[in-house]
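Peer 1: Handing you a structure now.
The values are calculated or read from the model by the stated rules, or taken from the named source; none is laboratory data. All of these numbers come straight from a predicted model, not from anything done at the bench. Quick reminder, even Gly has a Cβ in these numbers, built from the backbone with ideal geometry, and neighbours come from all protein chains shown.
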Amino acid sequence: MEVTLTFDNGPEPAVTPRVLDILGSAGIRATFFVLGSKLADPARRGIAKRTHAEGHWVGNHTMTHSTPLGRLADPAKAIAEIVETQALIGELAHPDRLFRPFGGGGDIGRHLLNRAAVDVIRDERMTCVLWNAIPRDWEDPRGWAEVALAQCLAQPWTLLVLHDLPTGAMGRLKIFIERVRDHGGRFRQDFPPECVPILRGEAKAPLEPYLSPA
């Protein structure tokens, strides 16, 4: 059992530093997919700088996290959601320029991307990172760890989506890490290939399952 941890929707001053402390104590490196709207705040960008300095990867999770890109009628809005966030990430970016689309509740489907978004990802040689497990920690701050463990036990390599948000859910992170290790699990930072449909601008799998037909 191998597990890659990712955290979406931060940075949050009340949560992300504690998550970094827990990961540091456990010797785990993860990826933080940040919101551009939050990086515009100097205090939050300072947390992102710490994240990067401690060996975690910083990725792009759109500017506003308001509408899945495949549901945007205006191509310019989809482009701005990606490009403006990447500009704010700046020198903190991973060399592969990691991008995770907003799922609108964690679902994978044709709402994730539109043609304008795919064109930007390709032109900017970005890497699109999806997922294969979401324990919905924002809905179940206390019970998510058990759900996540079951998801990890059900497949050889899990790319897990958690959220460094002030829900109280990250109070269970240390316990979850311990439970994974109790089951012989190993944490790693890279991503399962099947969760990366676009790598450095090149499609590695058919994009139709993620691409709006409009």
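Peer 1: Report yes if P209 is part of a loop (DSSP other than H, G, I, E, B) and either crowded, with 17+ Cβ neighbours inside 10 Å or not aromatic (F, W, Y) (or both), otherwise no.
Peer 2: On the way: part of a loop (DSSP other than H, G, I, E, B): no; either crowded, with 17+ Cβ neighbours inside 10 Å or not aromatic (F, W, Y) (or both): yes.
When the stated conditions are applied, P209 does not pass them.
Peer 1: I'd like the residue in region 167-214 that is out of contact with any Ser or Thr (no Cβ under 9 Å at 6 or more places or on another chain) and aromatic (F, W, Y) and, out of all such residues, is farthest from L5 (Cα to Cα).
Peer 2: Looking at the filtered set, the residue picked out is Y210.
Peer 1: List, please: which pairs have Cβ atoms under 6 Å, are six or more places apart or on different chains, and start with a residue in region 16-32 that is closer than 15 Å to R172 by Cα and end with one that is in a helix (DSSP H, G or I) and at pLDDT 95 or above?
Peer 2: Correct list of pairs: T16/I47; V19/M170; I22/L173; I22/K174; A26/I177.
Peer 1: Being within 18 Å of E202 (Cβ to Cβ), of a type in the set (A, V, I, L, M, F, W, C) and more than 18 Å from the chain's Cα centre (by Cα) is true for just one of V129, V120. Which residue is that? Break it down into steps so the answer makes sense when it comes.
Peer 2: Values: V129 fails: more than 18 Å from the chain's Cα centre (by Cα).
Checking each option against the conditions leaves just V120.
Peer 1: Could you list, in sequence order, all residues of region 3-50 that are of a type in the set (D, E) and more than 22 Å from T67 (Cα to Cα)? Before you say what the answer is, go through the steps one by one.
Peer 2: Taking region 3-50 as the starting set, the residues that turn out to be of a type in the set (D, E) are 8, 12, 21, 41.
Passing the criteria: only D21.
Peer 1: Could you list all residues from region 42-82 that are over 16 Å from G104 (Cβ atoms) and of a type in the set (S, T, N, Q)?
Peer 2: Selection gives T51, N60.
Peer 1: Anything in region 53-82 that is of a type in the set (V, I, T) and either in a loop (DSSP other than H, G, I, E, B) or on the phi > 0 side of the Ramachandran plot (or both)? List them, or say none.
Peer 2: The first filter runs over region 53-82 and keeps only residues of a type in the set (V, I, T), leaving 58, 62, 64, 67, 79, 82.
Within region 53-82, T62, T64, T67 meet the criteria.
Peer 1: Okay, moving on. If you scan region 1-26, which residues turn out to be part of a loop (DSSP other than H, G, I, E, B) and among the charged types (D, E, K, R)? So that I can check it myself, show each step before the final result.
Peer 2: Our first condition is that a residue be part of a loop (DSSP other than H, G, I, E, B); within region 1-26, this holds for 1, 9-15.
E12, the sole residue that qualifies.
Peer 1: In the list R29, R50, R45, which residue meets the criterion of being surrounded by fewer than 19 Cβ atoms within 10 Å (Cβ to Cβ), of a type in the set (D, E, K, R) and not in a helix (DSSP H, G or I)?
Peer 2: After applying the criteria, what remains is R29.
Peer 1: If you don't mind, there's one more thing I want to ask. What is the number of the single condition among (1) more than 25 Å from D107 (Cβ to Cβ); (2) modelled with pLDDT of 95 or more that T85 does not meet?
Peer 2: Tallying (1) more than 25 Å from D107 (Cβ to Cβ); (2) modelled with pLDDT of 95 or more, T85 fails exactly one: (1).
Peer 1: Pick from L159, L149: which is in contact with a strand residue (DSSP E or B) (Cβ under 9 Å, 6 or more places away or on another chain) and touching a residue at least 12 places away in the same chain (Cβ under 8 Å)? Walk me through how you get there before you give the answer.
Peer 2: Details: L149 fails: in contact with a strand residue (DSSP E or B) (Cβ under 9 Å, 6 or more places away or on another chain).
Going through L159, L149 in turn, the sole match is L159.
Peer 1: D182 - would you say it is among the acidic types (D, E) and closer than 18 Å to I82 by Cβ? Walk me through it before giving the result.
Peer 2: Values: among the acidic types (D, E): yes; closer than 18 Å to I82 by Cβ: no.
For D182, the condition - among the acidic types (D, E) and closer than 18 Å to I82 by Cβ - is not met.
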